[in-house]
Amino acid sequence: MIITLTTEIKSYAKSIGIDDIKITNAESFPELKEFLIEMREKEYLSTLVHDDLEKISNPKEIVLEAKSVIVCAISYSVDDKYIFESRIRAKEELRGSLSRFAWGQDYHRVLGDRLDKLIEFIKTKKQRVEAFKFVDTGPTVDRALARRAGIGWQGKNCSIINPEYGSWIFLGGVITDLELEYDSPIEDKCGDCRRCIDACPTGALVDAYTLDSRKCLGYITLSKGYLDEKQRKKMGTRLWGCDTCQSVCPQNQGAKLGDHEEFSPQTLEAYPDLISLLTLSNKEYKDKFMITPMNWRGKRPIQRNAAIILGNLKDRRAVPYLLDALSDPKPIVRANVAWALGEIGDKSALGSLEKALLWEKDEQVIEELEKAIAKN
């Protein structure tokens with residue numbers, strides 16, 4: 001019965017577009033809890049991680065009678081044909097770049113909908129089933145469950161690497177009180193490779209399997225508030241997220257593409273136009289971002305990042321648009337616009353910067369304006 005039900009669940013999951021599915025037990029991860037405590041003490045741990053480390057590391061804190069965890073993966077790697085023109089324009093126009101995970105529709109919903117269908121299917125096979133789904137934002141550590149289930153091994157860049165799809169995968173699953181047949185972990189194939197560690201632009205990968213989230217551009221670009229000078233410059237043209245450690249990984253070279261058009265660019269290009277983002281209205285933000293996984297932060301980090309990238313590009317074509325944005329109602333936008341104008345260093349902006357300084361009340365903006373004036 002257990003083997004038959006396990007086979008049926010896996011077969012159905014594949015039929016609804018889940019690329020890989022494995023099952024593990026629901027025992028706790030005491031070693032994971034200790035690791036997370038250590039990371040928190042070092043201040044490496046992301047602020048996005050759930051505060052309750054016991055809940056994070058023990059599926060039975062979620063489902064009291066849990067016996068199995070069904071772990072699912074879906075690939076977000078898409079054919080280059082979807083981004084070819086956008087990539088070409090990025091070489092000639094004022095554009096930033098999006099991490100691959102942000103190109104398409106919100107994966108929380110896409111994978112979450114499939115998991116809902118999977119739960120519905122399971123309930124047709126057995127009554128009175130308890131099931132809790134998770135997709136990234138849940139209180140469990142998806143990667144630990146994926147590693148134990150055999151979805152992939154954990155790379156030195158901390159991503160789960162699937163044998164077929166590489167690390168370009170979203171993870172989610174179902175904690176359930178069903179008794180199912182378990183899969184086994186798979187071999188770590190990173191070997192002596194250090195390409196991800198050596199390529200990290202900020203040194204956030206402080207060692208194999210150890211990430212200092214405070215330095216990671218994947219976290220920095222989606223954070224709120226002001227970024228320091230070093231962070232701004234390290235961003236380069238990254239508008240949201242960072243793919244460097246995945247792009248250089250040998251396991252991702254030639255990895256199988258997914259077959260999910262939902263993850264191809266939809267309302268945004270893979271290399272979005274920065275000027276339109278700098279002046280983003282609330283309506284435009286909703287139209288462009290609400291279906292994407294960037295929908296939870298609001299538009300200010302997007303505008304901040306667009307201004308920073310324009311400063312990093314140092315292209316004088318951006319100056320008129322940046323000058324207009326000096327009157328943005330939000331101080332964080334004005335401050336980063338001033339910084340960008342200082343980085344570009346166009347003397348034609350000097351008068352506007354001095355005028356802006358006369359009426360500015362925000363201390364952070366005043367500081368950035370004074371620096372920009374000194375550079376011009």
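Checking LYS224 against (1) under 30 Å from LYS330 (Cα atoms); (2) modelled with pLDDT of 95 or more: exactly one of these is not met. Which one?
Every listed condition holds for LYS224 apart from (2).
Quickly run through region 102-133 and pick out the residues that are hydrophobic (A, V, I, L, M, F, W, C), under 15 Å from ILE169 (Cα atoms) and in contact with a Ser or Thr (Cβ under 7 Å, 6 or more places away or on another chain).
Hits for region 102-133 are ALA102, TRP103.
Which numbered condition in (1) in a loop (DSSP other than H, G, I, E, B); (2) assigned by TED's automatic domain parsing to the domain that holds TYR226 is the only one that GLY258 fails?
With (1) in a loop (DSSP other than H, G, I, E, B); (2) assigned by TED's automatic domain parsing to the domain that holds TYR226 applied to GLY258, the lone miss is (2).
Checking VAL206 against (1) under 26 Å from GLU8 (Cβ atoms); (2) not assigned by TED's automatic domain parsing to the domain that holds ASP51: exactly one of these is not met. Which one?
Here VAL206 clears every test but (1).
Can you tell me which of LEU45, LEU64 is surrounded by fewer than 20 Cβ atoms within 10 Å (Cβ to Cβ), more than 23 Å from the chain's Cα centre (by Cα) and part of a loop (DSSP other than H, G, I, E, B)?
When all the criteria are applied, what remains is LEU64.
Out of all the residues in region 224-251, which are farther than 13 Å from ALA204 by Cβ and hydroxyl-bearing (Ser, Thr, Tyr)?
Across region 224-251, the qualifying residues are TYR226, THR237, SER247.
One line per residue, one yes/no per condition, for (1) under 17 Å from ILE62 (Cβ atoms); (2) surrounded by fewer than 19 Cβ atoms within 10 Å (Cβ to Cβ):
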residue: THR124; (1), (2): no, yes
residue: ASP136; (1), (2): yes, yes
residue: VAL141; (1), (2): yes, no
residue: GLY152; (1), (2): no, no
residue: CYS158; (1), (2): no, yes
residue: PRO163; (1), (2): no, yes
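Does LEU322 count as assigned to a helix (DSSP H, G or I) and either free of Cβ contacts under 8 Å to residues at least 60 places away in the same chain or in contact with a strand residue (DSSP E or B) (Cβ under 6 Å, 6 or more places away or on another chain) (or both)?
yes
Can you tell me which residue in region 198-215 is nearest to the chain's Cα centre (by Cα), limited to those that are buried (at least 19 other Cβ atoms within 10 Å of the Cβ) and either outside any strand (DSSP E or B) or on the phi > 0 side of the Ramachandran plot (or both)?
Step by step, filter region 198-215, then rank; the result is SER213.
Is there any pair linking a residue in region 140-154 that is under 17 Å from GLU164 (Cβ atoms) to one that is part of a helix (DSSP H, G or I), with Cβ under 8 Å and at least six apart or on different chains, and which?
Correct list of pairs: GLY152/ALA146; TRP153/ARG147; GLN154/ARG143; GLN154/ARG147.
Considering LYS347, LYS355, LYS371, which residue is at pLDDT below 95 and in the same structural domain as ALA318 (by TED's automatic domain parsing)?
Only one candidate qualifies: LYS347.
For region 216-273, what are the residues that are closer than 29 Å to GLU164 by Cα, surrounded by fewer than 18 Cβ atoms within 10 Å (Cβ to Cβ) and basic (Lys, Arg)?
Hit for region 216-273 is LYS256, nothing else.
What number of residues in region 203-235 are in contact (Cβ under 8 Å) with a residue 60 or more places away in the chain, farther than 19 Å from MET294 by Cα and of a type outside the set (Val, Ile, Thr)?
Here the count works out to 5.
Can you tell me which residues in region 11-62 are in contact with a His (Cβ under 8 Å, 6 or more places away or on another chain) and either on the phi < 0 side of the Ramachandran plot or modelled with pLDDT under 90 (or both)?
Selection gives ILE56 alone.
Being in contact (Cβ under 8 Å) with a residue 12 or more places away in the chain and either part of a loop (DSSP other than H, G, I, E, B) or farther than 22 Å from SER97 by Cα (or both) is the requirement here; does ALA372 meet it?
Here the answer is yes, as ALA372 does meet what is asked.
Residue check: is TYR182 over 15 Å from PRO59 (Cα atoms) and surrounded by fewer than 22 Cβ atoms within 10 Å (Cβ to Cβ)?
Against the criterion (over 15 Å from PRO59 (Cα atoms) and surrounded by fewer than 22 Cβ atoms within 10 Å (Cβ to Cβ)), TYR182 qualifies.
The values are calculated or read from the model by the stated rules, or taken from the named source; none is laboratory data. All values reported here derive from a predicted model rather than from experimental measurement. A quick note on method: Cβ atoms are made from the backbone with ideal geometry, for glycine too, and the neighbour counts reach across all protein chains shown.
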